[in-house]
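Below: the structure, in structure tokens.
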Amino acid sequence: MGEIVKLNTVKDYNDFLGVETLHPLVNVVDMSQLAEISHGLKNFGFYCIYLKQLECGTLLYGRNRYDYEAGTLVFIAPGQVAGIDDGGVSRHPQGWILMFHPDLLRGTSLARQIADYSFFSYESNEALHVSEEERTIVRNLLVSIRDELKQPADRHSRKIVIANIEVLLNHCLRFYDRQFDNRKVLNRDILTRFEGLLRSYFAEETRQQGLPSVAWCANQLNLSPNYFGDLIKKETGISAQEHIQNVIIEKAKEMLVAHDKSVSEVAYALGFKYPHHLSRLFKKYTGESPKEYRTRR
């Protein structure tokens, strides 16, 4: 793996690309205006969204290498490492880059909501593939931001730029919904594998393993936790964590009725560290304690 270039600020990336810094916290770059882009791994200190419009080689992103296609949106959050790790260059690149620093959003509603855009934590193979119509929407918003940055700054400038970023992110949520819908067969397969994974997990005593987490399940299915969670919510209407808890409750019911184990023994067998955690979860889902449930059966 090559040397990682640390890009702390938007200006750092502007300098790396050889473009003018119109604003210290945000920029839009039309890559077709660049003669070439030097390849390499970069550690980003800000948010970055790439709209790729040509076959662009292999991107190293997260844990995976990804041959990204024309019409792909890739989202990078502060602290992530991404780039093409071959030391080469792309000549006459096509596409767009939106970069914005968290400081741009300070004190705004988007600053409080940015974590809700979970696609910033998706893995590369979970990138967003957009249609020509969707690409046009994205390009138009990027052009609007770029044009605003070229205007003399006034008291409205920041609000307008942030508003356009938020509209773009909300469109991306819509596009991901479409992508989830278009991958129903694949998603159902993942849901089936998830359910099978939980059945296997609780097939034997699991006290030494503890309870299965969303992150553990996602890792077993080779997905990022956020993408996995969004997929399960889209398919079932409940979160992956709720799905896990439902399975735990059903398994607890089965054990309470079929075995002579105490409630504490059932809790430990399921992987709870403390028995009262099972009792609290059980009452939340059923409205009664494990003892009350056993007594009624």
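Only the coordinates and a few stated rules stand behind these numbers; no lab work does. All values derive from a computational prediction rather than experimental measurement. So basically every Cβ, Gly included, is an ideal-geometry build from the backbone, and we count neighbours across all protein chains shown.
Structural remarks
- Exposure proxy ranking, count of Cβ atoms within 10 Å, fewest first, for 216, 96: 216, 96
- Prolate/oblate/rounded label for segment 130-213 (Cα gyration tensor, a/c 1.5): oblate
- Ordering 264-271, 134-141 by mean Cβ neighbour count within 10 Å, with the highest value first, yields 264-271, 134-141.
- Here residue 11 is the anchor, and the lysines within straight C-alpha reach of less than 16 Å, apart from those fewer than 8 places off in the same chain, are 42, 150.
- The spacing between segment 231-269 and segment 130-204, judged by their C-alpha centroids, is 32 Å.
- 25 Å Cα-Cα threshold exceeded, pairs from 6/52; 184/251; 52/159; 184/253; 233/291: 184/251; 52/159; 184/253; 233/291
- Entry note, the chain: relative contact order of 14 percent, from Cα contacts under 8 Å with a spacing of 6+ residues.
- Cα gyration tensor shape for segment 185-296, rounded if a/c is under 1.5, else prolate or oblate: prolate
- Correct choice for Rg and Dmax of the Cα atoms in Å that was computed from the model, options (1) 19.0, 66; (2) 18.7, 58; (3) 23.7, 76: (3)
- Sequence-separation-based contact order of segment 73-211, relative, with Cα cut under 8 Å and 6+ spacing, percent: 27 percent
- For 276, 39, order by how many other beta-carbon atoms lie within 10 Å, fewest first: 276, 39
- The calculated 222 nm mean residue ellipticity attributable to helices in the chain amounts to -15000 deg cm²/dmol, summing -39500 (n - 2.57) over DSSP H runs of n ≥ 4 and dividing by all residues.
- Length-normalised contact order for segment 156-283 - Cα pairs under 8 Å, 6+ apart - percent: 24 percent
- For segment 249-290: rounded, prolate or oblate by the Cα gyration tensor [a/c cutoff 1.5]: oblate
- At an R0 of 30 angstrom, the distance between the Cβ atoms of residue 8 and residue 219 translates into a FRET efficiency of 0.50.
- Amide H contacts of residue 88 (H built 1.01 Å from N, under 5 Å, at least 5 apart or other chain): 39
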